[in-house]
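In what follows, a structure is listed as structure tokens, so that the remarks can point back to it.
The values are calculated or read from the model by the stated rules, or taken from the named source; none is laboratory data. Because the structure is a prediction, the values reported are computed rather than measured. We place every Cβ from the backbone using ideal geometry, glycine too, and count neighbours over all the protein chains shown.
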Amino acid sequence: VADDADKMNGAEEAPRQQRAKPDPPGYFEGESMTRRRAFTIAAQGIGGIAGAAIVLPAVGFAVAPIFHRGKERWEAVGPVNDFVEDTYRQVVFTETEGIGDAGKTTAYVRKGSKQFEEDPNSFVAVSNRCVHLGCPVRFVEAAGNFICPCHGGVYDFQGKRIGGPPVRPLDQFQTRVRNGQVEVGPRYSVTSQLEPVRARDPGEFTGGIWEYLYPPRPSTFPPP
Amino acid sequence: MPKIPLPKIPESIVPAPLRKPAKPGQGGAAKGQAPADLKTSPPERQTHVQRLTDQAKEAPVDVLAWVDQRTGATGFLTGMLYRKVPKGTNWFYTLGSATLFAFIVQAVTGVFLAMFYTPSTTQAYASIAHINNGVPLGALVHGMHKWGSSLMVILVFLHMGRTFFFGAYKYPRELNWVIGVVLLILTMTMAFTGYLLPFDQRSFWASVVGININGTGPVIGPYLSDALRAGPELGATTLSRFYSIHMLLVPGAIIALIGAHLYLVVKLGTTAPPWVRAEKPKGAAPVSQLDAGVEGNGSGNGASSSR
């Protein structure tokens with residue numbers, strides 16, 4: 001119901017038919033905004049803030065693990081003398097704590113070899129996680145290759161891809177020697193030239209432009 | 001095919017809008033005769049028992065009427081259940097309802113499975129083994145849920161194929177196609193997240209592979225993988241996360257979108273199959289005349305050139 005102010009508003013300037021658009025109810029001359037519009041914006045704004053106050057923390061809670069990096073974990077896998085240069089020894093250790101056997105992973109460990117210009121006092125731990133889609137690869141001693149049972153990925157002695165669908169060499173674990181024991185630590189990925197980069201998931205290329213297309217994740221450790 | 005006479009539907013259960021009014025001179029009271037229920041003598045006084053029996057007979061109708069008066073449900077249900085469907089509607093049109101039924105089976109069996117399942121990495125496998133071997137009918141309910149998930153995925157695709165090949169995604173039903181595609185994605189999400197829950201070797205490695213495929217998406221893929229796993233490796237929180245997505249997040253979204261999907265089906269109606277030609281409206285000029293000079297179809301059968 002229009003009140004008196006509405007009826008009078010603007011009536012002197014032009015007859016009703018000539019006006020382009022009638023003023024909305026509650027409008028007074030000189031106002032930049034009607035009461036109704038002001039209240040609409042205010043109500044929607046307050047509703048939006050209230051909604052965001054609930055939704056944003058909940059979503060943040062759900063995605064927080066992306067930004068969380070766990071504690072660096074080292075595990076002894078055997079005395080130094082157990083490992084040789086020319087073949088691998090399979091070791092099993094815990095990568096994720098608190099979930100029992102599901103948190104364990106397998107690595108193939110050998111001594112650094114002069115043939116590959118590695119420090120003879122270092123140790124190389126190659127992950128058994130196929131970098132195609134994450135199946136467990138096996139080191140076949142007779143062939144000197146790592147072979148994946150799922151889709152036929154083949155890697156050479158150093159873990160470089162020589163066949164099948166994998167996209168980069170096998171991941172490695174950091175190693176060190178403490179009290180005569182070889183210890184394995186955080187996982188890292190390598191480029192096709194075996195340069196260490198931060199750990200990537202299987203299926204993701206490394207090196208060159210791929211470092212930007214598959215950016216490093218905050219949940220992984222810096223490479224050695 | 002011999003025509004099978006349909007049984008006569010009792011007038012009382014046909015909703016009022018669909019009842020055929022009696023033609024003049026037929027049905028109703030015979031001409032010149034007093035209606036049978038016209039009382040010519042004062043009504044007899046009802047006994048207590050009679051009155052109670054009458055009230056009891058009326059009770060269900062009264063309850064329904066009470067609800068209906070406050071909700072208007074009859075009008076809505078009549079419009080939905082007795083809506084007109086096009087000529088040529090056939091068994092392929094039941095695939096959507098079949099998918100809905102498969103979803104209901106999944107929802108019901110899933111609720112009961114949740115009563116016995118423990119979403120913990122150390123107890124999940126044992127709890128599934130207990131459901132299968134210890135709980136009466138547990139293997140059946142688990143089996144319905146497990147095989148029903150495959151059935152639902154198959155039915156979704158058949159339903160989608162029907163919609164595609166019958167051209168039922170075209171104007172004005174594009175939005176319903178879009179909603180359907182979202183429902184397809186959500187159904188696949190359900191299948192994927194449900195696969196991890198038994199936490200056996202197959203579950204574990206299938207989820208590893210699935211998450212890694214997801215991670216191959218450029219730029220955001222690695223972060224999506226981390227969000228799915230709740231960390232850089234598949235762990236305890238991955239299982240509870242998948243469980244929450246599987247039984248809370250996605251089912252809610254699916255139920256809401258099925259509601260929207262059905263609303264649009266009822267609002268827009270279904271399409272006729274592509275082999276059914278549009279009928280000539282009554283009183284329209286013969287189509288052969290309209291088409292004359294355009295296609296030169298001399299058959300005289302307007303329908304054959306109506307496209």
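Hey, among the residues in segment A:27-73 that are among the basic types (Lys, Arg) and in a helix (DSSP H, G or I), which one's farthest from the other protein chains (Cβ to nearest Cβ)?
A:Arg35
Could you tell me whether A:Ala52 is within 27 Å of the chain's Cα centre (by Cα) and among the aliphatic types (A, V, I, L, M)?
Spelling it out, A:Ala52 is indeed within 27 Å of the chain's Cα centre (by Cα) and among the aliphatic types (A, V, I, L, M).
Identify the single condition in (1) in a strand (DSSP E or B); (2) touching a Phe, Trp or Tyr at 6+ places or on another chain (Cβ under 7 Å) that A:Ala102 does not satisfy, given that it satisfies every other one.
(1)
Give the number of residues within segment B:189-211 that are of a type in the set (Val, Ile, Thr) and at the interface with chain A (Cβ under 9 Å from one of its Cβ atoms).
Within segment B:189-211, residues that are of a type in the set (Val, Ile, Thr) and at the interface with chain A (Cβ under 9 Å from one of its Cβ atoms) number 3.
With B:Leu183, B:Leu262 as the choices, which residue is surrounded by fewer than 18 Cβ atoms within 10 Å (Cβ to Cβ) and either over 26 Å from A:Ile99 (Cβ atoms) or touching a helix residue (DSSP H, G or I) at 6+ places or on another chain (Cβ under 7 Å) (or both)?
B:Leu262 is the lone residue from the list that is surrounded by fewer than 18 Cβ atoms within 10 Å (Cβ to Cβ) and either over 26 Å from A:Ile99 (Cβ atoms) or touching a helix residue (DSSP H, G or I) at 6+ places or on another chain (Cβ under 7 Å) (or both).
Does A:Gly207 meet the test of being closer than 22 Å to B:Pro232 by Cα, under 21 Å from the mean Cα position of the chain (by Cα) and either away from chain B (no Cβ under 14 Å) or modelled with pLDDT of 95 or more (or both)?
yes
In segment B:67-110, how many are touching a helix residue (DSSP H, G or I) at 6+ places or on another chain (Cβ under 7 Å) and not polar (S, T, N, Q)? Working first, answer last.
Within segment B:67-110, the subset touching a helix residue (DSSP H, G or I) at 6+ places or on another chain (Cβ under 7 Å) is B:67-68, B:73-74, B:78, B:80, B:82-83, B:92, B:95-96, B:98-100, B:102-103, B:105-107, B:109-110.
Subsequent filtering for residues that are not polar (S, T, N, Q) retains B:67-68, B:73, B:80, B:82-83, B:92, B:95-96, B:98, B:100, B:102-103, B:105, B:107, B:110.
Within segment B:67-110, residues that are touching a helix residue (DSSP H, G or I) at 6+ places or on another chain (Cβ under 7 Å) and not polar (S, T, N, Q) number 16.
Could you please find all residues in segment B:63-97 being surrounded by 10 or more Cβ atoms within 10 Å (Cβ to Cβ) and farther than 30 Å from B:Arg162 by Cα?
B:Val63, B:Leu64, B:Ala65, B:Trp66, B:Val67, B:Asp68, B:Gln69, B:Thr71, B:Gly72, B:Ala73, B:Thr74, B:Gly75
Of all the residues that make up segment B:92-130, how many are among the aliphatic types (A, V, I, L, M), within 22 Å of B:Arg241 (Cβ to Cβ) and assigned to a helix (DSSP H, G or I)?
7
Of all residues in segment A:169-199, which are surrounded by 19 or more Cβ atoms within 10 Å (Cβ to Cβ) and in contact with an Asp or Glu (Cβ under 8 Å, 6 or more places away or on another chain)?
A:Thr175, A:Val182, A:Glu183, A:Val184, A:Pro186, A:Arg187, A:Tyr188, A:Ser189, A:Val190, A:Val197, A:Ala199
Here is a check on your reading of the model: is A:Ala102 under 29 Å from B:Ala230 (Cβ atoms) and modelled with pLDDT under 90?
Details: under 29 Å from B:Ala230 (Cβ atoms): yes; modelled with pLDDT under 90: yes.
Taking the combined requirement at face value, the residue satisfies it.
Residues in segment A:142-159: is at least one within 14 Å of another protein chain (Cβ to nearest Cβ), out of contact with any Lys or Arg (no Cβ under 6 Å at 6 or more places or on another chain) and either part of a strand (DSSP E or B) or at positive phi (or both)? Quick ask: steps written out before the conclusion?
Applying the first criterion (within 14 Å of another protein chain (Cβ to nearest Cβ)) to segment A:142-159 yields A:148-151, A:153.
This time we only want the ones that are out of contact with any Lys or Arg (no Cβ under 6 Å at 6 or more places or on another chain), so: A:148-151, A:153.
Next cut, either part of a strand (DSSP E or B) or at positive phi (or both) only: none.
Checked segment A:142-159: no residue is within 14 Å of another protein chain (Cβ to nearest Cβ), out of contact with any Lys or Arg (no Cβ under 6 Å at 6 or more places or on another chain) and either part of a strand (DSSP E or B) or at positive phi (or both).
When you scan segment A:79-106, how many residues do you find that are crowded, with 16+ Cβ neighbours inside 10 Å, within 14 Å of another protein chain (Cβ to nearest Cβ) and over 28 Å from B:Ile220 (Cβ atoms)? Break it down stepwise before answering.
Just the residues of segment A:79-106 that are crowded, with 16+ Cβ neighbours inside 10 Å, to begin with: A:83, A:88-89, A:91, A:93, A:95-96, A:99, A:102-103, A:105-106.
After this cut, where a residue has to be within 14 Å of another protein chain (Cβ to nearest Cβ) as well, the list is A:93, A:95-96, A:99, A:102-103, A:105-106.
Now narrow it down to the ones that are over 28 Å from B:Ile220 (Cβ atoms): A:93, A:106.
So the count comes out to 2.
Which condition from (1) surrounded by fewer than 14 Cβ atoms within 10 Å (Cβ to Cβ); (2) at positive phi is the one that A:Gly134 breaks?
So the condition that A:Gly134 fails would be (1).
So if I check each of A:Ala76, A:Ala125, which one is in a strand (DSSP E or B), within 17 Å of A:Ala199 (Cα to Cα) and either more than 9 Å from chain B (Cβ to nearest Cβ) or under 30 Å from the mean Cα position of the chain (by Cα) (or both)?
One residue alone meets the criteria, A:Ala125.
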